[in-house]
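Each remark here refers to the structure printed beneath this line.
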Amino acid sequence: MKNLIIHPQDTSTTFLRGLYNDLPDKTVITGGINKSQLQKEIDTHDRVIMCGHGSPQGLLSIGQYPKSGLYIIDETMVSSRRNKPNTFYIWCDSNVFVRRHGLTGFHTGMFLSQMSECRYFEVDCTEQDILESNSTFAETVAQHINEPPIVFYKNVLSEYGRLRQNPVACYNHSRLFLNRYEPHLFLGKVAQTQCK
């Protein structure tokens, strides 16, 4: 399987490299190309994994992609991903983007990975909680990334959910989603973490 990783270069999301570092046959694009060039890359890969900072409007370019504007992945880049059900949208509020455009794949709601975000959303935690949540999430996704989507999703929920005493992981756990194949088959949650 040919994997395309779209991960704008940004030190605050370095931990997400753990999701894909061990994948074979991968192309990692951290910047330096425009949307037209990126579209061609998307079309020639079997699976697309997008991660970094974002919003309901898309994946932020972080100034890494020339002439792309604020977002490297936005509504102009949607059509080619509709036929790629094993797509990963790992950025804050990608759930809104995925549902708005009728896409399929694994995606996240607001995902806390920095102290500033935890403070804003009033999640009382330590830097160690954040590090533990970030590393466990990346390791868990990496471990199961080649499984069929529903198996992957259940395993990620189960294993990441073991951090139920970690307030950051507990917050994030309830914001992990999967749309399978047809957008109307949104699975929501197949398991819940009981935060302590």
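Taken together, the values in this text are just the output of simple stated rules run on the coordinates, not laboratory data. Remember, it's a predicted structure, so these values are computed and weren't measured experimentally. Counting neighbours? That spans all protein chains shown, and the Cβs are built from the backbone with ideal geometry, glycine included.
Structure above, values below:
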quantity	calculated
Cα centre as origin, Lys/Arg/Asp/Glu Cβ charges: the chain dipole, Debye	540
Loop-located GluC sites (Glu not before Pro) in region 58-149, at most 14 other Cβ atoms within 10 Å (DSSP)	122
Helix-only CD estimate at 222 nm, as mean residue ellipticity for the chain, using -39500 (n - 2.57) per DSSP H run (n ≥ 4)	-9000 deg cm²/dmol
Percentage relative contact order, the chain, counting C-alpha pairs under 8 Å, at least six apart	18
Net charge of neighbours whose Cβ lies under 12 Å from the Cβ of residue 25, counting Lys and Arg as +1 and Asp and Glu as -1	+1
Cut-off 15 Å between beta-carbons: net charge of the residues surrounding residue 139, Lys and Arg +1, Asp and Glu -1	-2
Cross-link partners of residue 2 among aspartates and glutamates (Cα-Cα below 14 Å; sequence separation of 8 or more within a chain)	22, 25, 41, 43, 46
For the chain, with +1 on Lys and Arg beta carbons and -1 on Asp and Glu, the positive-most of 49, 6, 102 along the dipole	102
Using alpha carbons only: equivalent-ellipsoid semi-axes of region 1-116, gyration tensor based, whole Å	18, 16, 15
Binned Cα-Cα distance frequencies in the chain - 10 Å width, integer %	9, 38, 38, 13, 1
Scattering profile of region 118-163 at q = 0.14, 0.17, 0.23, 0.29 Å⁻¹ [log10 I(q)/I(0), Debye over alpha-carbon scatterers]	-0.40, -0.55, -0.79, -0.98
